[in-house]
Amino acid sequence: MNYEETLEYLYSQMPEYQRVGHKAYKEGLDNSLALDDYFQHPHQRYNTIHVGGTNGKGSTSHLLAAILQESGYKVGLYTSPHLVDFRERIRVNGKMIDKQYVVDFVEKYRSAFEPIMPSFFELTMEMAFLYFAEQKIDIAVVEVGLGGRLDSTNIISPKLSIITNIGLDHTQYLGDTLKKIASEKAGIIKPNTPVVIGETGDVEVAQVFYIKAQKEKAPIIFAEEAMFDLVSQKTENGWIFSKSDFPILKDELGGLAQEKNAKTVLTSIVELRKSGFYIPEDAVYNGFAHVVELTGLMGRWQVLQENPKIICDTGHNAHGIRYIAEQLKSESYDKLHIVFGMVNDKDINSVLALMPKGASYYFTKASIERALDENILADEALRYDLHGTRYSTVESAIESAKEKAGENDMIFIGGSSFIVAEALPLFINTKNR
């Protein structure tokens, strides 16, 4: 099989949850443990950092990877989902895994893993762990896929656990209250291992984390308390943060949520230094300032074009959309155009209730099985006084928005990672990256 045929095999034999939803979801760690046993626990050959939470996991993971890379470490980065190329999930020092490695891995180990019947996520995670070991990395930043307690990645024993925040998402698997979801996310808190909590949330959520940390004898640090004196200033080119030990720290990521992520990352740096990691000041500055170049991060309040200004963002649930809606209010434009689509297992009403009224909407759907039909989305949107036109493809929706927008208007593209994934190749060269 060539690379494309190998990916098709993986998608068809082991459906990807992000694309098809519930029927790809496998609860529990049995498959992950069986795979890990077969491959002789490759993640034990290097240090790891485990990053969970509802939103902000990706940005936090990429920022930490960039900073550690600039500190001189060889860094593995495992994240999901990918936007354009499957290989985005598995990187070493920002470089994606080789296509040939993916092909060779499947061909070499197919007879071993097929009887286990792993999910797409379980198998690709183990591929990443083995690749990192063979690349002789120093440390891997590992992003949780879904939840925490029963997530495939929870077989690792990290040097640091991070939980960015708690919001209502994947309630069919994790529970229908913030407290229940927090209990699942708290499953990544390990014995005697420091855990950083990004956004504390309400008292009940904080208590869940505190009790779990006490039980595991894990030092717990709340970033909002640790970084209480961080001063933040939003600029056209991202953020500028100021603190006594980090004056004028420039962050090229522009989303409003990045203020919270910065506190989480800076608190994590303090804890990593306590654990013996060498992280000089200039590495922190360079990591924040050049995270996109260093790690290949895409889709976080990413400016795709000027005149008209076109921005995309992968925020896809009420917790994430709240930041996007707030930021759209702060932008300057004559008229706002929104290319918008969602997947069919999200709470669309809580999201639509937050979206700006008065914008021109271009309702669409991504070309995946899990996509919500654009007609259903548009009909629901009318209940929230959101009006627009319906398009069967992301490309046709974007083309229409570009035709109708004046040069002083703004176009926002989002609602789902998959809408952003199909938009990106229309604006930037994503080949040969």
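Each reported figure results from applying straightforward, stated rules to the coordinates on display, with no laboratory input. In this text, all values refer to a predicted model and were calculated from it rather than measured experimentally. Virtual Cβ from ideal backbone geometry, glycine too; neighbours counted across all protein chains shown.
Structural descriptor for the chain: relative contact order 16 percent, calculated from alpha carbon pairs under 8 angstrom and at least 6 residues apart. Below 11 angstrom from the Cβ of Gln135, what's the summed charge of the other residues (Lys, Arg +1; Asp, Glu -1)? Cβ neighbours under 11 Å give a net charge of +2. Looking at the chain, send over the antiparallel percent of its DSSP beta bridges, to the nearest 5. So the antiparallel bridges in the chain amount to around 35 percent. Under the combined filter of DSSP loop state and at most 14 neighbouring Cβ atoms within 10 Å, the range 201-242 retains these chymotrypsin sites (Phe, Trp or Tyr not before Pro): Phe228.
The Cβ shell under 13 Å around Ala405 holds other residues with a net charge of -2, Lys and Arg each +1, Asp and Glu each -1. For the range 174-245, GluC sites (Glu not before Pro) are listed when DSSP marks them as loop and at most 13 other Cβ atoms sit within 10 Å of their Cβ; the list is Glu236.
Overall, the range 378-420 carries a charge dipole of about 80 debye about its Cα centre when +1 sits on the Cβ of Lys and Arg and -1 on the Cβ of Asp and Glu, all other atoms neutral. Think of the chain as a dipole: +1 on every Lys or Arg Cβ, -1 on every Asp or Glu Cβ, centred on the Cα centre; then among Leu386, Ser161, Met96, Ser161 lies furthest on the positive end. Other residues with beta-carbon under 15 Å from the beta-carbon of Gln327 carry, at +1 per Lys or Arg and -1 per Asp or Glu, a net charge of 0. Given +1 at the Cβ of Lys and Arg, -1 at the Cβ of Asp and Glu and no other charges, the dipole of the chain around its Cα centre is 720 debye to the nearest 20.
Taking every DSSP helix (H) stretch of at least 4 residues in the chain, weighting each as -39,500 (n - 2.57) and dividing the sum by the residue count yields a mean residue ellipticity at 222 nm of -11500 deg cm²/dmol. Here the dipole of the range 302-426 is about 200 debye; that uses its Cα centre as origin and unit charges on the Cβ of Lys and Arg (positive) and Asp and Glu (negative). Would you mind telling me the antiparallel percentage of the DSSP bridges in the range 302-426, rounded to 5? Among the beta bridges of the range 302-426, antiparallel pairing accounts for roughly 20 percent.
Running Debye on the range 302-426 with equal point scatterers at the Cα sites and no solvent, what base-10 log of I(q)/I(0) appears at q = 0.17, 0.18, 0.22, 0.23 Å⁻¹? Here the Debye-derived log intensity ratios amount to -0.76, -0.87, -1.39, -1.55.
Of the GluC sites (Glu not before Pro) found in the range 289-332, the ones in coil according to DSSP and having at most 12 other Cβ atoms within 10 Å of their Cβ are Glu306, Glu331.
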